[in-house]
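For reference, the structure is listed below as structure tokens.
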Amino acid sequence: MKSLYQLVFAAIAFTLPLASCSDDDDYTPGEPEPAGSPAAYFPTQDAYSYTFTTDDENKCFDIVVKRLYAEAAVSVPVTLTSDVEGFTGAPTIEFAAGQETATYSVDCAGIPLQQECSVEISLPDDYAAIYAEGTSSVSIKSLVADWELWAPNVEFVFSSTFSPVRGNIYAMKGTRRLKFENFLNSGWDLEMEVEDRGTGSYYAILYPLNYHSYYIDYWGESNGYDCWYFYDPKTDYWPSWSPDNSDLMIDYALCYEYDDTPYRYTYLYIDKETPNNNVGSFTFSFDYSNGTSDWNYVNFSCGETLFEMF
């Protein structure tokens, strides 16, 4: 089955001979869809990674499946392929007559704990579309693990405007994920992935996993900044809050992730030589409820953590 990019290339390749054709040129039509095939495919998915805790009763994720020919009811065979045991799903995807879109559920309850695992879901060639904006297989990652308190009562110090606040940082063993509980007193638990730069001590970028919307190349391509808004895309909600419960509210928070130097603007410094010396910082541009704005660097020290994470 061809991807969208292959289709575009094929379309370009097809138009070129038309611009310089001769009587000797022969047109060969593309491969037709198999007779009787529903021409099923996986479109772009909303997510390609899912995380569950051991307490979650439902450890299933759903993927979207579409077909080009929907006249008759059909059962489309599906294959799950993984390096680990534990991914399970129905042997077929069911389409009713006239139904163009279906969902397929994969259960992750049996996969190894505290290990990000991948599974490939694929359709057989004689059921898959050749010409569609999608693919005949899709790879999904899943993780079953629990958040554990890693750094309690951490102090977050603003460079200006607000008094320091405190909060707990949780970690998920077997991963590089952290959760900042009630991040800066916003009421939201901010989950982040810590960059892996190998051995030794280093500044690791903190990548947001939830409550964010990326604003790429804020200062243009040559500068190298990547920024993200503190924002809930699921509800289209911009938080407005005061970290120290003062009258001044933060209306918009734009976080600067990194630039093109070895220094990271939003980071966790992982100190391999001095235990319990991991420190970090967030670099924000805040817009306030009184119409002003400024830069604010929010620094924190993890102190004596409860277990080794990195």
In the list T81, T92, which residue meets the criterion of being touching a residue at least 24 places away in the same chain (Cβ under 8 Å) and open to solvent by 20 Å² or more (accessible area, probe 1.4 Å)?
T81
For A35, work out the one condition from (1) at pLDDT below 95; (2) open to solvent by 50 Å² or more (accessible area, probe 1.4 Å); (3) over 15 Å from D125 (Cβ atoms); (4) part of a loop (DSSP other than H, G, I, E, B) it doesn't fulfil.
(3)
Cβ pairs under 8 Å, 6+ apart, first in region 151-162 and over 16 Å from S246 (Cβ atoms), second modelled with pLDDT under 95 and of a type in the set (V, I, T)
A151/T305
For L206, indicate whether it is more than 15 Å from M309 (Cα to Cα) and either modelled with pLDDT of 95 or more or surrounded by 18 or more Cβ atoms within 10 Å (Cβ to Cβ) (or both).
no
For the subset of region 182-203 comprising residues that are among the small types (G, A, S) and in contact with a Pro (Cβ under 9 Å, 6 or more places away or on another chain), which member is surrounded by the most Cβ atoms within 10 Å (Cβ to Cβ)?
S186
Counted residues in region 129-149 being surrounded by fewer than 18 Cβ atoms within 10 Å (Cβ to Cβ) and part of a loop (DSSP other than H, G, I, E, B) come to 2
Matching residues, region 150-174, being open to solvent by 20 Å² or more (accessible area, probe 1.4 Å) and either over 20 Å from the mean Cα position of the chain (by Cα) or hydroxyl-bearing (S, T, Y) (or both)
P152, N153, E155, V157, S159, S160, T161, S163, P164, R166, N168, Y170
Confirm whether T101 is loosely packed, with under 13 Cβ neighbours inside 10 Å, modelled with pLDDT of 95 or more and either among the aliphatic types (A, V, I, L, M) or farther than 23 Å from Y170 by Cα (or both).
yes
Consider only pairs whose beta carbons are under 7 Å apart and that are at least six residues apart or on different chains; among these, list those whose first residue lies in region 107-128 and is under 14 Å from R67 (Cβ atoms) and open to solvent by less than 60 Å² (accessible area, probe 1.4 Å) and whose second residue is hydrophobic (A, V, I, L, M, F, W, C) and modelled with pLDDT of 95 or more.
L123/A40; L123/V76; L123/V78; A128/A40
In region 127-165, which residues are of a type in the set (S, T, N, Q) and in contact with a strand residue (DSSP E or B) (Cβ under 7 Å, 6 or more places away or on another chain)?
T135, S136, S137, S139, S142, N153, S159, S160, T161
Of (1) over 20 Å from the mean Cα position of the chain (by Cα); (2) open to solvent by 30 Å² or more (accessible area, probe 1.4 Å), V64 satisfies all except one. Which?
(1)
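The values are calculated or read from the model by the stated rules, or taken from the named source; none is laboratory data. Here the structure is a predicted model, which is why all the values come from computation and not from measurement. All Cβ positions, even for glycine, are placed from backbone atoms using ideal geometry, and neighbour counts span all protein chains on display. Protein only, heavy atoms only, side chains kept; ligands, DNA and RNA dropped before computing areas. Shrake-Rupley method; radii C 1.70, N 1.55, O 1.52, S 1.80 Å.
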